[in-house]
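The values are calculated or read from the model by the stated rules, or taken from the named source; none is laboratory data. It should be emphasised that the depicted structure is a prediction, and the values quoted were computed from it without experimental measurement. Glycine gets a Cβ as well: all are built from the backbone with ideal geometry, and neighbour counts include every protein chain shown. For accessibility, only protein heavy atoms count, side chains too; no ligands or nucleic acids. Shrake-Rupley method; radii C 1.70, N 1.55, O 1.52, S 1.80 Å.
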Amino acid sequence: MIDTYTQALDFIHGRTKFKKIPTLKRMRRFLDELGAPDKRVRAIHIAGTNGKGSTLAFLRNILQQDGLTVGSFTSPFLIRFNERISVNGVPISDADITRLAQQVYPIVVKLDDELAEGGPTEFEIITAMMFSYFSEGHADIVLIEVGLGGLLDSTNVIIPKVSVITTIGWDHMHILGDTLPKIAYQKAGIIKDRVPVVVGKIPTEPLAVIKHVAEVKHSPIDILGTDFHVTDTGVTGWHQGFTFSAAKFPKISLQTSLIGDYQTDNAAVAIQAYRVYCQNQDLPVNQESIQRGISQTKWAGRFEKISEHPTVVIDGAHNISAVDEVVKLLDSDFHDKKITILMGILADKQADKMVEKMATVPNVSIVLTRFSGPGKRAAADPKKLEKIVDSKTGNGTVTAVFSDWQRATDTVYGQLSSDGILLITGSLYFISDVRKYLLSKSANCK
């Protein structure tokens, strides 16, 4: 039985993490047992290797400016589990988490007994809780972020009003495939018959896969760089300027506190998804909502400045594609700064390649550390990682190694010069720990 919030979380996190069968049949059966709540949810579905969360945040703020109540389903959480299901950016309550867990629990027990492959996984349970909650009418529109891939992701039971694919890059290759076209095929699995799809900046070969799937599904497709365009106009005072343009839509100037070329791409995808949604629902496209929504968007853990003096930034770059974008940002906008990068990386990522890529930034010092990974996922051993990286690069790329991330954080923070920058990155799980630690220290000092 589940009587408390803690018991609810124990129940959820105690479930197996991965499916034993590559199918959505179990998820469909699970939801049907709950009364098919997904069929009562109006949604926009968002997939992609990187940029899903930021695109969702931009889109949520634009829609809120139109006066809509916007639900969100995201992963992973940064501070508390409740963040995964939110309304207008506010996480749902402990009481709602407990109530929803109580609601799905008997169905999970039933399916454990009846299904040969076993009952629902952790993510399937969270997804079912999300659909159950929003089927109760808590939001006008729900923005649903894919957990992993797309084709076989538990969220892919939804028939959305718009599908979005932000980027295609290298991540989860052991599950999604060892080439970008294979990965793109999994992401394109969210495209539904005659449902429009908005696509971000994607390389030619994987883009061809997505275009083919859209053609087969008779789904109208809008592609960044072809059907809508973004032009960066520079960073000023930790704000990124850019313009957005599209056919039959005036060019507009915008500004966001989420800096980096990749964030303006995400913003452009969000704007186009908003336009497509409005057009298909016979709603007006409000230029002021776009401008205010973009300017007011914040997304914790995405090149987020959490300290001014000294400058400390955290970023959840957790794969090669994300690191590539951070490196571009550092090279273009912070080339005149001395940068210290503290990295904690999960062992099942391309940790050595991520460190090597960061090492290409001039005037950078890299410090490696270790943290407690989620569940059974271990963090990369910083000492072993240092040896691998240095043997490949032929020089001392890594300047220090700490087995304890709190000691590492305190040390590099204490050594940071007034004109330097500390970037903490490598994993969303790692920066979640560091963010809480640094903010609590800052609060205790006041």
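Observations
- Filter pass, ILE2 being open to solvent by less than 30 Å² (accessible area, probe 1.4 Å), over 24 Å from the mean Cα position of the chain (by Cα) and β-branched (Val, Ile, Thr): yes
- Every residue from the range 193-205 that is surrounded by 19 or more Cβ atoms within 10 Å (Cβ to Cβ) and out of contact with any helix residue (DSSP H, G or I) (no Cβ under 8 Å at 6 or more places or on another chain): VAL195
- Residue ID - farthest from the chain's Cα centre (by Cα), chosen from residues in the range 140-152 that are assigned to a loop (DSSP other than H, G, I, E, B), surrounded by fewer than 24 Cβ atoms within 10 Å (Cβ to Cβ) and at negative phi: ASP140
- Filter pass, ASN61 being in contact (Cβ under 8 Å) with a residue 60 or more places away in the chain, assigned to a loop (DSSP other than H, G, I, E, B) and either among the small types (Gly, Ala, Ser) or buried (at least 18 other Cβ atoms within 10 Å of the Cβ) (or both): no
- The range 220-236, residues that are open to solvent by less than 70 Å² (accessible area, probe 1.4 Å) and not in a strand (DSSP E or B): GLY225, ASP227
- The C-beta contact set for the range 114-137 (first residue modelled with pLDDT of 95 or more, second residue of a type in the set (Asp, Glu) and crowded, with 17+ Cβ neighbours inside 10 Å, distance under 6 angstrom, 6+ apart or interchain) comprises PHE131/ASP38.
Each row is one residue, and each column tells you yes or no for (1) among the aliphatic types (A, V, I, L, M); (2) more than 26 Å from VAL70 (Cβ to Cβ); (3) without any contact (Cβ under 8 Å) to a residue 40 or more places away in the chain.
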residue	(1), (2), (3)
THR155	no, no, no
PRO181	no, yes, yes
LYS187	no, no, no
ILE191	yes, no, yes
LYS201	no, no, no
GLU205	no, yes, yes
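- When residues of the range 8-38 are limited to those that are without any contact (Cβ under 8 Å) to a residue 60 or more places away in the chain and not in a loop (DSSP other than H, G, I, E, B), the one farthest from the chain's Cα centre (by Cα): ASP32
- Condition check for GLN255: open to solvent by less than 20 Å² (accessible area, probe 1.4 Å) and under 24 Å from the mean Cα position of the chain (by Cα): no
- Criterion (outside any strand (DSSP E or B), under 21 Å from LYS305 (Cα atoms) and open to solvent by 10 Å² or more (accessible area, probe 1.4 Å)) met by exactly one of LYS376, LYS337, LYS357, LYS353: LYS337
- Residues that are of a type outside the set (A, V, I, L, M), modelled with pLDDT of 95 or more and outside any helix (DSSP H, G or I), drawn from the range 64-88: ASP66, GLY67, THR69, GLY71, SER72, PHE73, THR74, SER86, ASN88
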